[in-house]
Amino acid sequence: MDERTKEAVRYLGYGNHAIDARTLALIASSFQELEKAAGRRVIYRIFDVSPEENDTLSIGTLKIQSRNLKRNLKSCEKAYLLGATLGVDIDTMLRRYTLTDMARVVILQACAAAMLEEYLDCCQEILRREQEKEGFYLRPRFSPGYGDFPITHQEQILCMLDAPKKIGLTLTSGNMLTPTKSVTAIIGLSKLNIPCHVQGCESCEKIDCTYRRI
């Protein structure tokens, strides 16, 4: 089982339970269909990081109060603001299946989430190689909504990236990204090569989550 299939299975909430062959076949066919529809796009910019009092820090003109993010960016002089999306055609596909096959929608949602994570990992690896040539090391990406990093900061991140114009990534009145299979994130840049590659489930304190990575 490849990594993105494992991620899709995790998003489906199987945990450490065995998955049947029929579901695995549905996952495989869903990835094939998603590949035809996906319009992967990414935008990123580098801003200076300025730690402030208590749990507050500034990234460019973005001022954030978050203990978790400040810890993640410890010793970072700069940071990437990043936005990425799989595009509007994925949403169109999901809406179409909602009318005819809800079971398929559940599988597609999980696979699209895994595909987006895979895309972000690839983008981050490219940035890592570029920055190491300049003497900088990347920290794990950190998105609004993780820990105590308020999701309301997504609006300013999109504005600072000019994401609506550049890649068509916008925000609803409820601070949800659209297209739905999209993400914003912050990736710290430090001159210190500190082992800190704990991310996602490994750094989350909610150990009873159905979707927790085993």
Query raised in the report: Just how many pairs of Lys in segment 3-203 have C-alpha atoms closer than 13 Å, counting pairs that are eight or more places apart or on different chains?
Result: 4
Query raised in the report: So what's the gap between the Cα centers of segment 143-171 and segment 31-83, to the nearest angstrom?
Result: 9
Report summary line: Under the helix-only model (-39500 (n - 2.57) for each DSSP H run of 4 or more, divided by the residues of the chain), the mean residue ellipticity at 222 nm, to 500 deg cm²/dmol, is -12500 deg cm²/dmol
Query raised in the report: Rounded to the nearest 0.05, what FRET efficiency is calculated for Glu33 and Asp121 with R0 set to 25 Å and r the Cβ-Cβ distance?
Result: 0.70
Report task. Pop a pseudo-label 7 angstrom from the Cα along the beta-carbon direction at both Met1 and Ser75 and give the gap in nm to one decimal. Result -> 3.6
Query raised in the report: Got a sec? Charge dipole of the chain, +1 on Cβ for Lys and Arg, -1 for Asp and Glu; which of Ala28, Gly15, Leu94 is way out at the positive end?
Result: Leu94
Report summary line: Checked the chain with the C-alpha gyration tensor, a ≥ b ≥ c its square-rooted eigenvalues, rounded below a/c of 1.5, otherwise prolate if a/b is larger than b/c and oblate if not; verdict prolate
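Quick note: the coordinates plus some simple rules give every number you see, no bench work behind them. On a predicted model such as this, the values are computed, not experimentally measured, just so you know. All Cβ positions, even for glycine, are placed from backbone atoms using ideal geometry, and neighbour counts span all protein chains on display.
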